[in-house]
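To keep things clear, I will list the structure first and then write my remarks on it.
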C-alpha cells in the first residue's frame, strides 16, 4: 500500500518539480562575498564600546569611581591622608595649621622632651579635628 | 574545473575571492534546499546565503575528506530549522508576514497538462495540500523527505546531512510517506492507489 503511494508520489513529483531559484546568480554571489569580505576585515579598535551593554558597564564603573572619590573627601579621610605623610612634612603642615589658628607650639630644645611634645601635638590635633 | 578541496585550500591560504567559486557552484542547490523547507523565495535566498557565510566562518573546521556540498546543505538545513524556531516564537500576526509564495500555494511547478481548468485547479489544490502536509511533518521526517524526494539526494548523502545512520533516514522516510498518504487521501479524486 505504501509502496503504491510512493510510486504515485514519485510520478507526481516528476510532473511537478520544485520551483527553481530566480536567475540572479551574480547579485546572489556578490551579496555573499560582500558579507564574507566584511568578516575578513579586522574589527575596528574600540568597536566593543559601541555595544550598549559595554557602554552601560563602563558608565557604571565611572560613576562608582566618581562617587568613591567624592565621598572619600571627608574630614576623617583628610586626617588619614595627613597621617600618610612622612614625619617631617606632617610636622611642617601641622605647625603651619596651628600657626594659622593662633595656637603656636614652642619647639623644645632637648631631645628627651620630643616625645612629650609630639604627644601634645597629637592631642591638640585630635581636639582640633573633633571640634571641626 | 577546480575541485572543491583545491578552492577551499586557496581560500584558507588567504585568497578569499575564490570562495565565490563555491558560491557560484552551489548557490542553486543551497537555494532549492532552503526553498523546499520554507516555500518562500526571499527567505530561501537569505537562509541559503546565511549558510554560505557560516560555512566560510567555519571553513577551518571543515574536514577535508568530507563533501563540501553535504556539509553546506547541513548548515542550510540548520538555518531553516532555526528560522522555524524563530517564527514559532513570534506572535501570530507577525508570522503571517512570511507566507509561502503564490497566494500560499506551493513550492512545486504546475503540471504541464492539457486538462480542463477544473483539472488544473484540482492539481493546484493537491500541490498546495502536499506542500502543507510536508511542512507539518515532524522536523526530522520533513528533512529526510525533502532532501531525498524533493532534492533527489541519495539516502547516504541525506544521512550525511542529517548526521545520522542510513537506517534512521529510511525509517524517517517510511514514516513521512505514511503520514502524507493519510493526509492526502481526501484530496485525491481517484483515491490513493492501493
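Quick look at the values:
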{"read-out": "Which numbered condition residue A:65 misses (of (1) modelled with pLDDT under 80; (2) surrounded by fewer than 13 Cβ atoms within 10 Å (Cβ to Cβ); (3) more than 14 Å from chain B (Cβ to nearest Cβ))", "value": "(1)"}
{"read-out": "Within segment B:5-49, tally of residues that are at pLDDT 95 or above and outside any helix (DSSP H, G or I)", "value": "0"}
{"read-out": "Whichever residue in segment B:143-161 is within 14 Å of chain A (Cβ to nearest Cβ), assigned to a helix (DSSP H, G or I) and touching a residue at least 60 places away in the same chain (Cβ under 8 Å) and, among such residues, is farthest from residue B:75 (Cα to Cα)", "value": "B:150"}
{"read-out": "Condition met for residue A:7 (facing chain B (nearest Cβ under 8 Å), exposed (fewer than 13 other Cβ atoms within 10 Å of the Cβ), at pLDDT 75 or above and over 42 Å from the mean Cα position of the chain (by Cα))", "value": "yes"}
{"read-out": "Members of segment B:54-71 found to be within 12 Å of another protein chain (Cβ to nearest Cβ) and buried (at least 19 other Cβ atoms within 10 Å of the Cβ), listed by number", "value": "B:55, B:56"}
{"read-out": "Which numbered condition residue B:2 fails, given (1) modelled with pLDDT of 85 or more; (2) surrounded by fewer than 22 Cβ atoms within 10 Å (Cβ to Cβ); (3) part of a helix (DSSP H, G or I)", "value": "(3)"}
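The values are calculated or read from the model by the stated rules, or taken from the named source; none is laboratory data. Quantities reported herein were computed from a predicted structural model and do not represent experimental measurements. So basically every Cβ, Gly included, is an ideal-geometry build from the backbone, and we count neighbours across all protein chains shown.
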